[in-house]
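Engineer: For reference, the structure I am asking about is given below.
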Amino acid sequence: MESFKALPTTVLLHIAQQLGIPLKSLVSTIALFDEGATVPFIARYRKEVTGNLDEVQIRSIQDKLDYFRELEERRATVLKSIQEQGKLTPELRARIEAALEKNELEDLYLPFKPKRRTKASIAREKGLEPLAQYLWEQKDTGIRLEQYAATFCGETVASAEEALEGARHIVAEWISENAAFRKTLRRTMLEEGVVASRAIPGAEDAEGKYKMYADYREPAAKIPSHRMLAIRRGAKEGFLTFEIELDPARPLAWLRSQVLRAAGPWAPHLEQALADSYERLLNPSIQTEVRLELKDRSDDEALRVFRENLENLLLAPPAGMLAVLAIDPGIRTGCKLAVVDDTGKFLESGVMYPFEPRNDLAGSIKTLATLIAKYNVRAIAIGNGTASRETSALVQDFLRQKGLADVFAVSVNESGASVYSASDIARQEFPDLDVTIRGAISIARRLQDPLAELVKIDPKSIGVGQYQHDVDQRKLKHGLESAVESCVNRVGVDLNTASFALLRYVAGINERTAQKIVEFRNENGKFRSRVQLLAVPGFGPKTFEQAAGFLRIRGGENPLDMTAVHPESYPVVERIAQSLGVSIAELIARPELVEQVQLEGFQTASVGLFTLSDIREELRKPGRDPRDKFAAPQWREDVKELTDLKPGMVLEGVVTNVTNFGAFVDVGVHQDGLVHVSELAARYVKDPNEVVKAGQIVRVQVLSVDPKTRRIALSRKALEAQSAPRKKTPPKEPPRKNLEQQLADLSSRFRTR
C-alpha cells in the first residue's frame, strides 16, 4: 500500500490548519490509513488514536491526502523537467517546494513548459530577447531606444519597428506567465467576474429548458451550483454560450502598477505589451481556469447534495421482518405481483388485471385474497409508477371490505427498480424469473429494508441527484460509494441474511470476499460466531479487524456478536460483567445494570473512555437500529391525478429529492411537485437540507398547477405560518432591550437585506 508518510511537514501543517484538527490527530489518522484501516473502522473503533475525530473529518483527511499525494507527484515531475532544462535555480526550487495549490504549481511551471511555436518564441529565434529585457528593466542607458532597436536588424528583422514588435511579444508572454500576476488575476475574476450566458442564434430550444439563461448574468462568486451546471449543460448541448465577464480596466490598471516602474521611452511599448498580453494570452487562459474552478465548485456542491439525499434515502425507516406482497402497477399489461417472506425470500408471483381493457376486478380481488391468506401477508407494497393511485385505492377498498385491519398498504418509491431487474445481481438472484417479477420483488424488499435492497442499484439510478450526469463522474462514483459504505456500516449487517451486494460495502470487505462469505454460508449453514469468519477463504486477521464489529449474528454462541462491540473489546465487557456478578448474557438482557458501572476503572492501554462510552451505549440498547421508526404517508383519496389538484389544497407527501433550489415531493399524482427554497419555511432557509430530507413525510399546500408543463408548485411556509402560535399583544411601553437583544435585531435586519 502506498504510504502517505512522505508528505512534507509544511503540507501536514497546512492540512491540519485547513481542516481545523490537531496535528497529532492528523498524523495518527494517516498512520492508520497506511496500515490499511478503513474510514468506518477508524471512526468507530479508533477514537482514542484519532482524538475522537468523526467520520466527516476522517473522510476530509482522506480527500486531502489524495489531493496532496497528486500534488507531490506533480511537483516531482515539474522539478525534474526544469532540472533537465538546466534552469532550476535555488530560488525557483524553493518556490516550487513551497507551493500548496495545483494552480500555483502550474503557474510556476508555465514558463518552462514545452509549448508550440508562439509569437514570442519566433521573436526569440530572431535574437530579440535582449531588446525585450531592455524594455522590461526600464533603465536609461543613454542610447535612444530606436537606435538600440535598429542594432537588431538583419536577415530576419527588417526594421527597428519590427524588432520592437517582436520584443513586445516576448514581454507579453513574460507577463502572461508570471505566477504572481496569474494568481491575482484569477482571484479577481473569481471575486468580481460575472457569469454571462446568452442563447446561440438559430439554436431552437423547443422545450424552453434554457429560456431563463438566454440572456442571464450573475456574479461568479455567488452563482449557485445548480445554475452553473445548468448553464454548462446548455452550452454543451449547443443552446447557450457563456463567459466570465470582467471589466478589463481594473486588471489592466493593476498590471500597469506592477510592470511600469519608471517613465521613459519604453513606457508606450510596455503599455502595448500589457494590453496585448491581457487580451490575447492572460484573459483567455484565466477564463478557462476560472470556468474550471467554478465547475469544480459546482461539482462539489452537487455531490454534497447527492450524498445527503442518498444517505437519507438509504437510512429510511424499514418496515421490518414481515411478509410482504408487492404490486408493480400497470394498466394494459396488468399489475405484477410478488410475495416475499419475513426474511425477503421470494415465495410466489402472479399478475392481476383490474383495469382496462380487461377490467377483471373480481379476479384481481380473488388473487389478492388468496396470496394474503396463503402466506400470512402483513404489508402490501405498491410501486409509485403508472396506475399507482388507482391500484392503491383498489387495495384499500379490498382491505376494508375484508376487514383486514392488521394488513397495511403503502406506496414505495420504485426508482431504479427496472435497473435492478435487468442487472447482473438480479440475474444471479433470480435467473429464471421475468424482469417484471424481479422488479416487484425489489419493491417488496425496499419496504422491509430500504438499505439492504438499494445497495444493489447504482446510486446514480435512484433519482436523488442534481445534474448528476454533468459532474465529474470519477469524483461522483467515489463520493456515492463512500456514502453507501457509511450508511451500511452505521446500521450494521446481519451476517446470516445479508446479500453479496450488501456485504461488499462492509468495512474491509471487497466484492470477492463478500462472494466467499455467501458461498461459505450456503455450504456450511448459518454463522454461529464472528470467529467463524476466519474460516472463510481470503478472510484474514486484517479483514477480520476491519469488518467484525459491523457484522451481526443473532442467536449465536456469544451474545456480544449481535452488538456493535468489537471482538477486541470482549475482554473488557467480560470484566464489566464480572464486576457486577452477572454473565454477559444477563448484562445484555438487563441493560440497566450498566448504569452502575464506573467506566474509569476499566481503562487499559488500548481501551480509553471514548471506547468505553461507546460500549456502554451499545449495552444500553444491544443491536439497536439507528434508523427512525417506520411510518407511511396518508394520501388523500380524492387526489389521484394532476388534474385533481387545486390551489389551496393541503396534502401529505414524501420528499423524493432535495436540491439547492428546493425539494421535490411526491403527493400521489405521478408527478412530483416542487417546494421552492423560499417556500420551505416561514424563516429564511439557506440550505434546504436544514429543514427537509429525502424520504421524509411532509404536509404541503398546493400553490399552483400547470397541466401543460406538468409543474406543481407547493409550499410548507403557508402551513407553518398557520400553525405558528399567535403572538401576544405587546405592552404599550415595552421593556428596554438589553445590548444582546439590540445586536440580535441588527443582525436580523442585515440578513433580511
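Engineer: Considering segment 171-185 alone, what residues qualify as being surrounded by fewer than 24 Cβ atoms within 10 Å (Cβ to Cβ), outside any loop (DSSP other than H, G, I, E, B) and either touching a Gly at 6+ places or on another chain (Cβ under 9 Å) or not small (Gly, Ala, Ser) (or both)?
Structural biologist: Within segment 171-185, Trp174, Ile175, Phe181, Arg182, Lys183, Thr184 meet the criteria.
Engineer: How many residues are surrounded by fewer than 18 Cβ atoms within 10 Å (Cβ to Cβ), closer than 25 Å to Glu289 by Cβ, in contact with a helix residue (DSSP H, G or I) (Cβ under 9 Å, 6 or more places away or on another chain) and not hydrophobic (A, V, I, L, M, F, W, C) if we restrict to segment 192-225?
Structural biologist: 5
Engineer: If only one of Leu164, Leu145, Leu128 is over 39 Å from the mean Cα position of the chain (by Cα) and free of Cβ contacts under 8 Å to residues at least 60 places away in the same chain, which one is it?
Structural biologist: Result: Leu128 is the single residue among Leu164, Leu145, Leu128 that is over 39 Å from the mean Cα position of the chain (by Cα) and free of Cβ contacts under 8 Å to residues at least 60 places away in the same chain.
Engineer: Please report, ordered by residue number, the helices (runs of 4 or more DSSP H) entirely within segment 236-315 with at least 3 residues that are under 30 Å from Val56 (Cβ atoms).
Structural biologist: In segment 236-315, the matching helices (runs of 4 or more DSSP H) lie at 283-314.
Engineer: Further, regarding this structure: Do you know which residues across segment 195-210 are among the charged types (D, E, K, R) and more than 23 Å from Val658 (Cα to Cα)?
Structural biologist: Across segment 195-210, the qualifying residues are Arg198, Glu204, Asp205, Glu207.
Engineer: Give the residue, chosen from Ser392, Ser388, Ser349, that is touching a Pro at 6+ places or on another chain (Cβ under 6 Å) and either assigned by TED's automatic domain parsing to the domain that holds Gly416 or surrounded by fewer than 21 Cβ atoms within 10 Å (Cβ to Cβ) (or both).
Structural biologist: On inspection, the qualifying residue turns out to be Ser388.
Engineer: Next question. So, Gly556, is that one in contact with a Ser or Thr (Cβ under 7 Å, 6 or more places away or on another chain), at pLDDT below 95 and surrounded by 15 or more Cβ atoms within 10 Å (Cβ to Cβ) or not?
Structural biologist: yes
Engineer: I'd like the full set of residues that are within 14 Å of Asp472 (Cβ to Cβ) and crowded, with 22+ Cβ neighbours inside 10 Å, limited to segment 261-298.
Structural biologist: The answer is Leu294, Ser298.
Engineer: Turning to a different aspect of this structure: Which is more than 30 Å from Lys64 (Cα to Cα), in contact (Cβ under 8 Å) with a residue 24 or more places away in the chain and surrounded by fewer than 19 Cβ atoms within 10 Å (Cβ to Cβ), of Lys102, Lys115, Lys119?
Structural biologist: Lys119
Engineer: Would you please name the residue that is modelled with the lowest pLDDT, looking only at residues in segment 471-524 that are surrounded by fewer than 20 Cβ atoms within 10 Å (Cβ to Cβ) and in a loop (DSSP other than H, G, I, E, B)?
Structural biologist: Filtering segment 471-524 for residues that are surrounded by fewer than 20 Cβ atoms within 10 Å (Cβ to Cβ) and in a loop (DSSP other than H, G, I, E, B), the one modelled with the lowest pLDDT comes out as Asp472.
Engineer: Against the conditions (1) at pLDDT below 90; (2) under 38 Å from the mean Cα position of the chain (by Cα), where does Arg616 fall short? Just the number, please.
Structural biologist: Just one mismatch for Arg616, condition (1).
Engineer: If I go through segment 1-54 residue by residue, how many of them are free of Cβ contacts under 8 Å to residues at least 24 places away in the same chain and of a type in the set (S, T, N, Q)?
Structural biologist: 3
Engineer: Now a separate question. Taking into account only those residues within segment 624-667 that are of a type in the set (Val, Ile, Thr) and not in a loop (DSSP other than H, G, I, E, B), which is surrounded by the fewest Cβ atoms within 10 Å (Cβ to Cβ)?
Structural biologist: Thr643
Engineer: Hey, any hits in segment 23-40 for a residue that's in a helix (DSSP H, G or I) and within 21 Å of the chain's Cα centre (by Cα)?
Structural biologist: Looking through segment 23-40, at least one residue is in a helix (DSSP H, G or I) and within 21 Å of the chain's Cα centre (by Cα).
The values are calculated or read from the model by the stated rules, or taken from the named source; none is laboratory data. This structure is a prediction, so every number in the text was calculated from the model and none was measured. Backbone-built Cβ (ideal geometry, glycine too); neighbour counts: all protein chains shown.
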